[in-house]
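Below: one structure, written as structure tokens.
The values are calculated or read from the model by the stated rules, or taken from the named source; none is laboratory data. Please read all numbers here as calculations on a predicted model, not as lab measurements. Quick reminder, even Gly has a Cβ in these numbers, built from the backbone with ideal geometry, and neighbours come from all protein chains shown.
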């Protein structure tokens, strides 16, 4: 009961988390770098780490140029960056990152020429916003892809677990089948040995009676030898009966134990199926989350 409640609560929490994808919001603003107020754009990227955004944005601004970005704390500055969608000539880019609740904010301003930055509603400014949005989308998609991959792995693990439990049930059933075969074989042997022992007992009784009335001589010695052989045969038959009865008893015990194990196994399968169905819902939610982000 507690397990069911725990699974339900975990499922609700995970689904809520999966549904909580946020939009990529952008805001025009100005940020001071050194003594210069740089007009640019903020973009909010949900669920990412500041370190990742800082590192990945550095790679973006350095792409296509031999210039290296200067990272000072949470500021990233590069001179002579190549942004062909914004300018045909190298530009300077001033960027900053900061954390805010469950998201990272990335600011970027493009200096087209000395103290001249992109202007709101200009082609260059719109291209800057487009580049920032694409970067933010790429980072958010990576987060969602990783989350989906994690949940898919969990689903595969649960399916493997169910497969293992099913194989264990098959093994138990095969053991029962083998035990039933053993019981049939040993019952047949038991019946045959008991019939043979009836003959042995009858011969032993008859020859023992005959032996008690005989006088000494070779004939008596020969009959005594036959009686000993019959006694040995009976002893062997008794051992065979004991062996068959032991095998039958052990097989019946195995069948009883395995049937109990199968009952427990079926409960495990039922629980595993429930977990799998719940996990499939989680995977579906994260799949939808990724699709939603891809549509931004």
Check your understanding: With (1) touching a helix residue (DSSP H, G or I) at 6+ places or on another chain (Cβ under 8 Å); (2) within 20 Å of residue 24 (Cα to Cα); (3) surrounded by fewer than 16 Cβ atoms within 10 Å (Cβ to Cβ) as the list, and residue 55 as the residue in question, which single condition is left unmet?
Key -> (1)
**Study point:** Selection within the range 58-79 - within 21 Å of residue 113 (Cβ to Cβ), loosely packed, with under 15 Cβ neighbours inside 10 Å and modelled with pLDDT under 95
**Key:** 64, 66
Practice item. Identify the residue in the range 88-121 that is in contact with a helix residue (DSSP H, G or I) (Cβ under 7 Å, 6 or more places away or on another chain) and touching a residue at least 60 places away in the same chain (Cβ under 8 Å) and, among all such residues, is nearest to residue 50 (Cα to Cα). Key: 104
Review point. Checking residue 177 against (1) over 30 Å from residue 263 (Cα atoms); (2) under 56 Å from the mean Cα position of the chain (by Cα); (3) without any contact (Cβ under 8 Å) to a residue 12 or more places away in the chain, which single condition isn't satisfied?
Key: (1)
Point to revise | Residue ID - surrounded by the most Cβ atoms within 10 Å (Cβ to Cβ), chosen from residues in the range 12-35 that are modelled with pLDDT under 95 and under 29 Å from residue 114 (Cβ atoms) | key: 34
Review point. Hey, does the range 184-192 have a residue that's surrounded by 15 or more Cβ atoms within 10 Å (Cβ to Cβ), within 30 Å of residue 22 (Cβ to Cβ) and outside the structural domain of residue 103 (by TED's automatic domain parsing)?
Key: no
Revision key, fill the gap. When the range 122-174 is checked residue by residue, the ones that are without any contact (Cβ under 8 Å) to a residue 40 or more places away in the chain and in contact with a strand residue (DSSP E or B) (Cβ under 9 Å, 6 or more places away or on another chain) are 124
